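The values are calculated or read from the model by the stated rules, or taken from the named source; none is laboratory data. Keep in mind that what you see is a predicted model, and the values were worked out from it rather than measured. All Cβ positions, even for glycine, are placed from backbone atoms using ideal geometry, and neighbour counts span all protein chains on display. SASA here: full protein model, heavy atoms, side chains in, ligands and nucleic acids out. Shrake-Rupley method; radii C 1.70, N 1.55, O 1.52, S 1.80 Å.
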Amino acid sequence: MKKTVISGIVAAMMTVGSMAYAAGELSLGIQGPETGNLATYGQKTLAGAKLAVDEINAKGGINGKTLKLINYDSRGDKAESANIIQRFINKDKVCGVIGEPTSGATFVIGPIANKASLPIISAGATADGVVEGKPFVFRDTLLDSDGAPATLKFLMDTKKWKNFVLFTSVNNDYSVSMTKIFKNAAQKYGATIV
């Protein structure tokens, strides 16, 4: 599955990307937190991408071109994420980027990549507005605004739960945004947050 996703991404990037390619090689960027509080997301994304690239290259690459993966650790820092996408655009000349696995960082790098016509995809940018209006920015994950209400409704329908406790980490953007989504869903479906 991961191999098919990577192949599809690279094929799309070859079609719409405008970067220069070395003879016989396609450079694909990958950025995400390999260290820091969000490292588990970046490490797993990188491991999956490396596995897929190895498998694709072992079978002759894509259209006879081998894939070269260039990765940088953003450390979960939005400013570093912006620096990395600029490096991919201006120095590395990649054909596309497997981007940040969080919405916050993708909100930062998406407009930069879009302006440069550099296709990027995030496997974890779940917030509304991350890809909308940016034809070179993609995601392959369910939106929080779809998933959270569906989960709440499932629990109400199957477990007959009506009362919920909601914990919010006020210094975490993701937690704050999920709280709003759950509160709205609770109101819509008649649940009580105690």
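Yes or no: ALA12 at pLDDT 95 or above, under 17 Å from the mean Cα position of the chain (by Cα) and either acidic (Asp, Glu) or outside any loop (DSSP other than H, G, I, E, B) (or both)?
no
Considering only residues that are surrounded by fewer than 22 Cβ atoms within 10 Å (Cβ to Cβ), under 18 Å from GLY76 (Cβ atoms) and modelled with pLDDT of 95 or more, which ones fall in segment 92-126?
Once the filter is applied, which keeps residues that are surrounded by fewer than 22 Cβ atoms within 10 Å (Cβ to Cβ), under 18 Å from GLY76 (Cβ atoms) and modelled with pLDDT of 95 or more, segment 92-126 yields PHE107, VAL108, ILE112.
State which residue is farthest from GLY96 (Cα to Cα) when the search covers only segment 33-84 and only residues that are polar (S, T, N, Q) and open to solvent by 50 Å² or more (accessible area, probe 1.4 Å).
Narrowing segment 33-84 to residues polar (S, T, N, Q): 35, 37, 40, 43, 45, 57, 63, 66, 71, 74, 81, 83.
Subset that is open to solvent by 50 Å² or more (accessible area, probe 1.4 Å): 35, 37, 40, 43, 63, 66, 71, 83.
Working: THR35: 23, ASN37: 26, THR40: 22, GLN43: 19, ASN63: 16, THR66: 14, ASN71: 12, ASN83: 16 Å.
So, considering only residues that are polar (S, T, N, Q) and open to solvent by 50 Å² or more (accessible area, probe 1.4 Å), the one farthest from GLY96 (Cα to Cα) is ASN37.
Return the pairs, sorted by first residue and then second, in which the second residue is modelled with pLDDT of 95 or more and basic (Lys, Arg), the first residue lies in segment 40-51 and is over 14 Å from ILE70 (Cβ atoms), the beta carbons are less than 9 Å apart, and the residues are 6+ apart or on different chains.
GLY42/ARG75
Any residue in segment 146-175 that is surrounded by 13 or more Cβ atoms within 10 Å (Cβ to Cβ) sitting within a Cβ distance under 7 Å of a residue that is among the basic types (Lys, Arg) and assigned to a loop (DSSP other than H, G, I, E, B)? List the pairs, counting only those 6 or more apart or interchain.
Every condition considered, the pairs that remain are MET156/LYS162.
Which condition number in (1) at pLDDT 95 or above; (2) part of a loop (DSSP other than H, G, I, E, B) is the one that ALA23 fails?
Against the list (1) at pLDDT 95 or above; (2) part of a loop (DSSP other than H, G, I, E, B), ALA23 comes up short only on (1).
From (1) over 20 Å from the mean Cα position of the chain (by Cα); (2) at pLDDT 95 or above; (3) not in a strand (DSSP E or B), pick out the condition that doesn't hold for THR66.
If we test THR66 against (1) over 20 Å from the mean Cα position of the chain (by Cα); (2) at pLDDT 95 or above; (3) not in a strand (DSSP E or B), just (3) comes out false.
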